Amino acid sequence: MYELQVEEMSCGHCVGAVTAAVRALDPQAQVDVDLAAKTVKVATAVELARVRGAIEEAGFPVAGAR
């Protein structure tokens with residue numbers, strides 16, 4: 001499981017866009033967005049770099065990931 005810090009999320013639309021970006025890579029991915037904490041937890045077999053890239057391509061810079 002990866003945890004990414006995504007500071008620019010502010011609303012339900014952001015949550016949907018981030019979730020859709022990850023699921024475009026892996027439709028079976030489990031995505032848990034905590035809007036208040038600005039974190040996204042992703043359970044997937046896809047490499048972290050690809051997940052991070054998909055979120056950033058959706059317009060949400062990733063401040064940190066582990």
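Taken together, the values in this text are just the output of simple stated rules run on the coordinates, not laboratory data. This is a predicted model, so every value here is computed, not measured. Neighbour counts run over all protein chains shown; Cβ positions are idealised from the backbone, glycine included.
Note on Asp32/Ser10: beta-carbon distance plugged into 1/(1 + (r/R0)^6) with R0 of 25 Å gives a FRET efficiency of 0.90. Sorting Leu25, Leu4 by the number of Cβ atoms found within 10 Å of their own Cβ, with the fewest placed first, yields Leu25, Leu4.
With viscosity 1.306 mPa s and temperature 10 °C, the Kirkwood radius over alpha carbon pairs of the chain converts through Stokes-Einstein to a diffusion coefficient of 141 µm²/s. Rounded to the nearest 0.05, the FRET efficiency derived from the C-beta distance between Arg66 and Ala20 at R0 = 35 Å is 0.95. The phi-based Karplus calculation (6.51 cos²θ - 1.76 cosθ + 1.60; θ = phi - 60°) puts the 3J(HN,Hα) values of segment 49-54 at 4, 6, 5, 4, x, 5 Hz, whole numbers, x for Gly and Pro. The residues neighbouring Gly12, those whose beta-carbon lies less than 15 Å from its own, together hold a net charge of -2 under the Lys/Arg +1, Asp/Glu -1 convention.
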